[in-house]
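Have a look at the structure below, then the notes.
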Amino acid sequence: MKMNSSRPRQFGKKQLQRVRLRYLAHKDISRFSRTASFSVFDDGYEQVVSRIMYNVHALEKGLARNSDVRLGFGRKALSNLNDALVVYRSRGYDTAAFAYVEGLSIIRRYEEYHRKQEFDVPFLSEVIDDELRRTDRPAEAAGTKTVRRSDKENNCDKTFYDLAQGRSSVREFSGRPIDTEKVMNALRNAEKTPSVCNRQGWRAYWTEDKQLAAQVLAHQRGFGYAEMPEVLLAITVSNNTFLSPVERNEAFVDGGLFAMSVLYGLEHEGLAAVPLNAMMYYRDQLAVRRLLDIDDSEMIIMFIAVGEFPPESVVPISDRKPAETFVRRR
């Protein structure tokens, strides 16, 4: 077959694309460094709100450890939450808004839990501002809820809306084997995920080896449970499928869409699952690539741990902002 593109012309085009990529990557880095919430002194509204919600969720996860809540946990998260709430209030932001209510509520939930356990937390007065502790506002948000295996038995008959509204990330599994064909069904369902120009660059690295899963998750640094999942999936997208510097971030878009399709499929199959971020240090990323034999061309998007629901599981409530707060009409 005759090729119409000469090698010198293609080489020149590739060099030009590399220059464009460096320029666009520099713009990405510049924008991120200007606008991310690196410090509590980055006090724009969304920056402070994100810092509040990060620490609220950290405390929720601590309260949700079904079998081994470590009493008196979370000093750092409480201190960071306090600082963010103080900055939020000092900037004059709305104290009736979602994030501030979440922050105050998780402090109440934390205190209530330890009070029920008759456990004194002496450092609370040191890390939480007196005014935040004195508030009369009841704990009306944040905290934990119970997910029951029996409620998942008819998931395959639910409407998509009910299925989506009922999904929760479950981190603690029963430890019993699962029907892995159900995991394959979820992956087959995810075949229909849209991707840029239908290039479908995703991969799902699958392991049922719990020792290997433990090694991988030790580098992921965010799981922290003794019972390993029955199946661990690593979702990747290959950069080989992209043609232009403007597609430099498309792997995360396509991979995120694909992973969410998998999660909904797992929920439909009645399996417990939790998405785990892949925001790893470079050394950890290299180790995971070696462990799972992931090619350097592939971006590691996230992990999904899959298992059987225990009879009951305490999970973070993970309240969601109302849609009216994030819709922007023009």
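The values are calculated or read from the model by the stated rules, or taken from the named source; none is laboratory data. The structure presented is a predicted model; accordingly, all values stated were derived computationally and were not measured. Cβ: placed from backbone, ideal geometry, glycine included. Neighbour counts: every protein chain shown. Side chains are part of the model used for accessible areas, which takes the heavy atoms of the whole protein and leaves out ligands, DNA and RNA. Shrake-Rupley method; radii C 1.70, N 1.55, O 1.52, S 1.80 Å.
Things worth noting here:
- When the alpha carbon gyration tensor of the stretch 290-330 is reduced to an equivalent ellipsoid, the three semi-axes, largest first, read 33, 25, 6 Å.
- Our coupling estimate for the stretch 74-91, obtained by passing each phi through the Karplus curve with A = 6.51, B = -1.76, C = 1.60 and θ = phi - 60°, is x, 4, 5, 4, 5, 5, 5, 5, 4, 4, 5, 5, 5, 5, 4, 5, 5, 7 Hz, Gly and Pro reported as x.
- In degrees, nearest ten, helix 7-35 long axis to first principal axis of the chain (Cα): 10 degrees
- Per-residue Karplus couplings for the stretch 272-281, computed as 6.51 cos²θ - 1.76 cosθ + 1.60 with θ equal to phi - 60°, are listed in order as 7, 7, 9, x, 10, 5, 10, 7, 9, 5 Hz, Gly and Pro entered as x.
- Using alpha-carbon coordinates, inclination of helix 250-268 to the longest axis of the chain, degrees: 60 degrees
- Neighbourhood net charge (13 Å Cβ-Cβ; Lys/Arg +1, Asp/Glu -1) for Ala84: -2
- Normalised by residue number, the volume inside the convex hull of the Cα atoms of the chain is 195 Å³ per residue.
- Spatially proximal lysines relative to Lys210 (Cα-Cα < 21 Å; intrachain offsets below 8 disregarded): Lys182
- The label point for Asp130 and the one for Val196, both projected 7 Å from the Cα toward the Cβ, are 5.6 nm apart.
- Helical content alone sets the calculated 222 nm signal of the chain at -14500 deg cm²/dmol, taking -39,500 (n - 2.57) per DSSP H segment of four or more residues and averaging over every residue.
- 3J(HN,Hα) along the stretch 159-167, derived from phi through the Karplus expression 6.51 cos²θ - 1.76 cosθ + 1.60 where θ = phi - 60°, amounts to 5, 4, 4, 5, 4, 5, 5, x, 6 Hz, with x in place of Gly and Pro.
- Distance between modelled label sites at Asp296 and Gln165, nm, 7 Å Cα→Cβ extension: 5.0 nm
- Sequence-distant lysines (8 or more away, or on other chains) whose Cα lies within less than 20 Å of Lys321: Lys61, Lys145
- Note that the chain presents 59 Å² accessible area per residue, ligands and nucleic acids not counted, probe 1.4 Å.
- Here the stretch 154-313 has 50 percent of its accessible surface on carbon and sulfur atoms, given a 1.4 Å probe and all protein chains in place.
- For the stretch 1-78, the fraction of 1.4 Å probe accessible surface lying on carbon and sulfur atoms is 58 percent.
- Extension gain, Glu312 to Glu208, is 35.1 nm, computed as 0.36 nm per intervening residue step minus the present C-alpha separation.
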